[in-house]
Structures are given as structure tokens and as C-alpha cells.
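The structure appears below as C-alpha cells.
The values are calculated or read from the model by the stated rules, or taken from the named source; none is laboratory data. As the structure is a computational prediction, the values presented were derived from the model and not from experiment. Every residue, glycine as well, gets a Cβ built from its backbone with ideal geometry; the counts of neighbours run over all protein chains shown.
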Amino acid sequence: MAVYTELDEEVLRDFLSLYAIGDLHSFVGIAEGVENSNFLLKTTQGRFILTLFEKRMNPQELPWFLGLMGHLAQHDIACPQPVMARDGRVLRQLAGKPAVIVSFLEGHAREEITPAACAQVGQALARLHKAGQSYEAERPNALGPQGWQSVFASCTDGGDEAVAALITETKEALAAAIKAWPEANDLPRGQIHADLFVDNVFFEGETLSGIIDFYFACTDFLAYDLAICVNAWCFKAEQDYQPDRAAALLQGYEQIRSLSDAERAALPVLCQGAALRFLLTRLYDWVHTPAGALVTRKDPWAYQRRLNHFQKVPHVP
Ligand SMILES: Nc1ncnc2c1ncn2[C@@H]1O[C@H](COP(=O)(O)OP(=O)(O)OP(=O)(O)O)[C@@H](O)[C@H]1O
Ligand SMILES: N[C@@H](CCO)C(=O)O
């Protein structure tokens with residue numbers, strides 16, 4: 001569940017009077033998500049999402065994320081558009097937390113993943129990359145190779161035997177991926193979503209209708225975003241690689257933006273890096289989330305299996 005902060009109706013009504021989005025009909029906390037508190041607001045003018053940013057978010061970074069979402073929405077990317085209050089501000093405080101209202105996107109995350117869905121994800125990702133080129137401010141990727149090392153270091157004392165084995169097995173793969181990682185100027189860079197998992201892409205029927213959750217977005221190799229999608233979309237039952245999905249994902253991407261030879265050649269190592277990034281953040285949460293916490297921990301071993309796949313089969317698709 002992800003409603004860490006309870007909201008009082010009167011306080012919310014006062015808050016909404018700062019915006020020109022109508023009067024409150026109803027509001028309800030949204031169970032999905034783990035990072036922030038999200039509420040669905042219904043007003044006399046329609047539906048909106050209210051997000052209260054919880055403690056893992058650095059408030060100083062919020063203007064960059066909100067600026068990127070606004071920029072992409074203005075460039076016809078179907079993503080949440082931050083709503084300006086009457087005074088022109090998008091970021092305010094509510095219940096002691098940074099708060100933002102964004103537009104509501106229709107659609108739902110898919111339960112069944114098909115090559116046709118992957119092709120649309122590829123197209124949407126390439127459009128996002130192209131639109132992001134004119135958003136100039138940079139945000140370094142805190143979860144790039146340097147970040148992996150510090151996440152890894154903070155996992156090493158804790159956990160049971162299975163965790164200890166995972167740590168031992170990951171150590172070498174981490175060193176190898178860091179050594180093989182491209183240099184900053186080797187590949188085209190730009191704004192990337194960096195977390196385009198199945199739960200962050202909405203479909204209406206068979207048609208992709210929107211992308212949410214930009215709070216890991218950053219400036220990095222464009223092809224790394226594609227590698228994240230290969231990890232997130234192209235495995236069945238958390239382990240069986242689906243080359244037809246990966247082929248469709250890449251083909252969809254290249255219908256909008258061509259990959260260079262260097263990007264194609266780098267994909268296997270970028271896929272290993274992406275697998276490591278999610279293995280490590282999941283491992284961190286596994287080790288550090290207290291038993292009985294409200295949040296369900298995600299399985300780091302699912303990404304160890306992906307990592308092993310890309311180590312053994314160094315080509316994509
Ligand atoms: N703009 C939007 N339009 C419609 N629904 C939305 C929108 N933003 C969020 N939601 C709903 O809220 C849920 C949680 O959102 P989100 O995934 O951004 O939460 P989070 O806690 O920040 O993320 P996560 O745990 O995935 O990092 C989504 O699954 C979706 O149901
Ligand atoms: N998408 C991430 C979690 C939130 O960013 C994962 O599945 O590990």
C-alpha cells in the first residue's frame with residue numbers, strides 16, 4: 001500500500017482552493033506504488049492525482065522531475081502534467097510534505113505482455129528520448145555504476161544465508177560490469193525514464209495510453225533505458241527470456257529513433273548493468289525493510305537470473 005500520510009478533507013479543500021481545478025467531489029488513497037502517497041481526486045472539473053512525496057525523495061530534486069514531466073507533456077508525450085496553482089507554482093506543501101497535483105491518465109498496467117505491446121513501449125520510449133533532447137537541465141544518474149557500488153556496500157552485513165550467497169555471487173559481476181561500462185562520450189545521452197516497468201505503462205485496450213512515475217528519471221545513455229525495458233518487459237515467469245518481445249521492443253524503438261552501431265554493440269553490457277541496478281536496489285530493500293513493514297519487498301533473485309542470462313547470452317535480442 002502507499003498511503004503513508006492521512007489527509008483531512010477540510011485541509012484538502014483549503015489546499016484545492018489554491019488551484020483552478022474545481023471543487024472537491026471525493027478523494028481516495030491509491031494502494032499501488034511504494035515510494036510516495038498518492039490520492040485520486042475527483043473535482044467538478046475531472047480527475048487528478050495528488051502526490052505527497054515521502055522521505056526517500058530529495059525535495060531539491062523535485063523541480064527537475066516536474067519540469068521534465070511538463071516539458072514532455074508539452075511535446076505530446078502522454079505523461080502526467082503537473083498542474084499549476086493560481087500563483088503559478090506546481091510544488092507546494094501539504095500535511096508537512098512536498099505535494100503536487102498532476103493530470104490523470106486513462107488506462108491500466110497490462111497483465112498480459114505481448115510482442116505488440118513491447119513494440120509500442122519501444123516507440124513510446126524513443127519518442128520520450130527525442131522529446132527529452134530539448135530539456136537541457138541534467139540530472140546525473142544516482143543509480144549508475146558509482147551508485148551500484150555504494151548500494152552494494154550498504155547491503156553486505158545483513159540477511160540470511162541466501163542473501164549472503166547472492167552478495168558473494170554479485171560481487172564479481174558488479175566489478176565486471178563496471179569495467180566494461182561505456183565512457184560518458186561513447187554513446188548518445190539524454191533524459192531517460194530509468195524505471196519503465198510494466199506497472200508504469202498504461203494501456204487502454206491494446207493501445208498504449210500513457211507513462212507514469214518519472215521519479216527515477218535522469219540524464220544517461222539513451223540505450224540504457226532500452227536495456228532497462230528489455231529486463232522489465234522481455235522475461236516470462238521472472239526468468240525465461242523472450243527474444244520475440246525484445247525484437248519487437250527494439251523494432252518499435254527504431255521506428256522512431258535509430259540505434260547506432262555502438263549502441264547496438266553496447267546493449268548486452270547495458271542489459272547486465274540494468275539487471276544489476278534492480279538486483280541491488282531490491283537487495284537493499286530486502287536487507288533493510290523490517291519484517292512486518294507495510295511494503296512488500298520485491299525479489300532480487302529475479303534480477304540475478306536476468307543478469308546470468310545476459311552474461312551467458314551476450315546479444316540482444
Ligand atoms: N497520472 C496518473 N494517472 C492515473 N493514475 C495514476 C497516475 N499517477 C499514479 N497513478 C496511480 O497511482 C499508482 C501509484 O503511482 P506510482 O507508481 O507513481 O507510485 P509510487 O509510489 O511513486 O511508485 P513506485 O512504487 O512504482 O516507485 C499507479 O499504479 C496508478 O494506479
Ligand atoms: N521498478 C522497480 C521498483 C521501483 O522503482 C523494481 O521493480 O525493482
Can you spot a residue in region 201-211 that is polar (S, T, N, Q), within 16 Å of ligand 1 (Cβ to nearest atom) and surrounded by 15 or more Cβ atoms within 10 Å (Cβ to Cβ)? yes
How many residues, within region 303-317, are aliphatic (A, V, I, L, M) and within 10 Å of Leu267 (Cα to Cα)? 1
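Just to be sure I understand, how many residues within region 35-56 are away from ligand 2 (no atom under 15 Å from the Cβ) and within 10 Å of Thr5 (Cβ to Cβ)?
So the count comes out to 3.
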Between a first residue in region 113-140 that is touching a residue at least 24 places away in the same chain (Cβ under 8 Å) and hydroxyl-bearing (Ser, Thr, Tyr) and a second residue that is outside any helix (DSSP H, G or I) and surrounded by 19 or more Cβ atoms within 10 Å (Cβ to Cβ), which pairs have beta carbons less than 8 Å apart while being 6 or more apart in sequence or on different chains? Tyr135/Gln191
By residue number, the members of region 26-46 that are surrounded by fewer than 15 Cβ atoms within 10 Å (Cβ to Cβ), within 13 Å of ligand 1 (Cβ to nearest atom) and more than 18 Å from the chain's Cα centre (by Cα) are Val28, Leu40, Gly46
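Within region 3-25, how many residues turn out to be more than 23 Å from the chain's Cα centre (by Cα) and assigned to a loop (DSSP other than H, G, I, E, B)?
We begin by selecting, within region 3-25, every residue more than 23 Å from the chain's Cα centre (by Cα); these are 6-25.
In the following step, the residues that additionally are assigned to a loop (DSSP other than H, G, I, E, B) were identified as 6-8, 17-23.
The number of residues fulfilling the criteria is 10.
Scan region 235-263 for residues that are in a helix (DSSP H, G or I) and either more than 11 Å from Ala126 (Cα to Cα) or among the acidic types (Asp, Glu) (or both) and jot them down.
Let us first name the residues in region 235-263 that are in a helix (DSSP H, G or I), namely 243-256, 261-263.
Residues satisfying the conditions are Pro243, Asp244, Arg245, Ala246, Ala247, Ala248, Glu254, Asp261, Ala262, Glu263.
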Is it the case that some residue within region 141-149 is surrounded by 19 or more Cβ atoms within 10 Å (Cβ to Cβ) and in a helix (DSSP H, G or I)? yes
Mind listing whichever residues of region 184-198 are over 22 Å from the mean Cα position of the chain (by Cα) and at pLDDT 95 or above? Asp186
Of all residues making up region 193-231, the number that are touching a residue at least 40 places away in the same chain (Cβ under 8 Å) and farther than 17 Å from Arg264 by Cα: 24
Taking into account only those residues within region 218-234 that are assigned to a strand (DSSP E or B) and away from ligand 2 (no atom under 16 Å from the Cβ), which is farthest from Leu276 (Cα to Cα)? Thr219
Note down all Cβ pairs under 6 Å where the first residue falls in region 157-169 and is assigned by TED's automatic domain parsing to the domain that holds Gln304 and more than 18 Å from Arg306 (Cβ to Cβ), the second is modelled with pLDDT of 90 or more and in a helix (DSSP H, G or I), and they're at least six residues apart or on different chains. Gly158/Val287; Gly159/Val287
Go over the candidates Ala246, Ala180, Ala223 one by one and state the one that is over 17 Å from the mean Cα position of the chain (by Cα) and surrounded by 23 or more Cβ atoms within 10 Å (Cβ to Cβ). Ala246
Within region 226-241, can you find the residues that are of a type in the set (S, T, N, Q) and crowded, with 19+ Cβ neighbours inside 10 Å? Asn231
Please go through region 83-123 and pick out each residue that is surrounded by 14 or more Cβ atoms within 10 Å (Cβ to Cβ), touching a Ser or Thr at 6+ places or on another chain (Cβ under 8 Å) and over 19 Å from Asp14 (Cβ atoms). Val102, Leu105, Gly107, Gln120
